[in-house]
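Report on one structure; see the data block that follows.
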Amino acid sequence: MCRQLGTSEGELARSVPFFPLIGLLFACIALPLTWCLSLVLPPAVTAVLTVFILLSFSGGLHLDGLADTADGFFSARPRERMLEIMRDSATGAMGVMALVLLLSLKIACLASMHDQLLIAVFLMPIAGRVAILLLMAMLPYARTEGGLGNLFKDAFNTQQARLRALAALLVLGGLSWAAA
């Protein structure tokens, strides 16, 4: 029974407003782990392990999307062919380069943060999930035939959902201001 919890289309669609709260939960888990790591490891190693911790929460789903997007966008093909490339499960050279660059940049930024490391680790998972809400509220879905993303987008395509995204952004801004 528990294995089926949250897997229906309706349940998935209703989960969208809770994305920032899930980010807060992840932040509350990552923060003490990163703090403990920072007590015994050098900054670069702490940064690598922190990125791993943060990636483990989502299973790297967003990285798969980034790789697909890079493969499609940098293929220099017509729009329909780009969408086909993005749908392909194989990761091409552009996708791999995008992943390496992104992960390297995250690690380098975290390693250089020193006193602000814990603030960043707290805000990153929240900001990422608030960004999802904002993008769903502002941008059209790329595919006309739909997909899993369309399920979320359709459920979020209301004035109330846009107000929730704005509220989440304001809360993130307040948290950022308080943390700084």
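Among the residues of region 23-44, the ones that are more than 19 Å from the chain's Cα centre (by Cα) and touching a residue at least 24 places away in the same chain (Cβ under 8 Å) come to 4 in all.
Conditions tested, residue by residue: (1) modelled with pLDDT under 85; (2) within 23 Å of ALA178 (Cβ to Cβ).
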residue: GLU9; (1), (2): yes, no
residue: LEU12; (1), (2): yes, no
residue: ILE22; (1), (2): no, yes
residue: PRO42; (1), (2): no, no
residue: PHE73; (1), (2): yes, no
residue: LEU83; (1), (2): yes, no
residue: GLY95; (1), (2): no, no
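For region 6-57, the candidate set comprises residues that are open to solvent by 40 Å² or more (accessible area, probe 1.4 Å) and of a type in the set (S, T, N, Q); within that set, the residue that is nearest to VAL121 (Cα to Cα) is SER38.
On the stretch given as region 84-112, residues that are surrounded by fewer than 16 Cβ atoms within 10 Å (Cβ to Cβ) and not in a helix (DSSP H, G or I) total 4.
Scanning region 62-76 for residues that are hydroxyl-bearing (Ser, Thr, Tyr) and not in a helix (DSSP H, G or I) yields one hit, SER75. Scanning region 113-137 for residues that are over 22 Å from VAL16 (Cβ atoms) and either basic (Lys, Arg) or open to solvent by 40 Å² or more (accessible area, probe 1.4 Å) (or both) yields MET113, HIS114, ASP115, GLN116, LEU118, ILE119, PHE122.
The values are calculated or read from the model by the stated rules, or taken from the named source; none is laboratory data. Every value quoted in this text rests on a predicted model; they were computed, and no experiment measured them. FYI the Cβ positions are ideal-geometry reconstructions off the backbone, even for glycines, and counts take in every protein chain you see. Heads up: the accessible areas ignore ligands, DNA and RNA and are worked out on the full protein's heavy atoms, side chains in. Shrake-Rupley method; radii C 1.70, N 1.55, O 1.52, S 1.80 Å.
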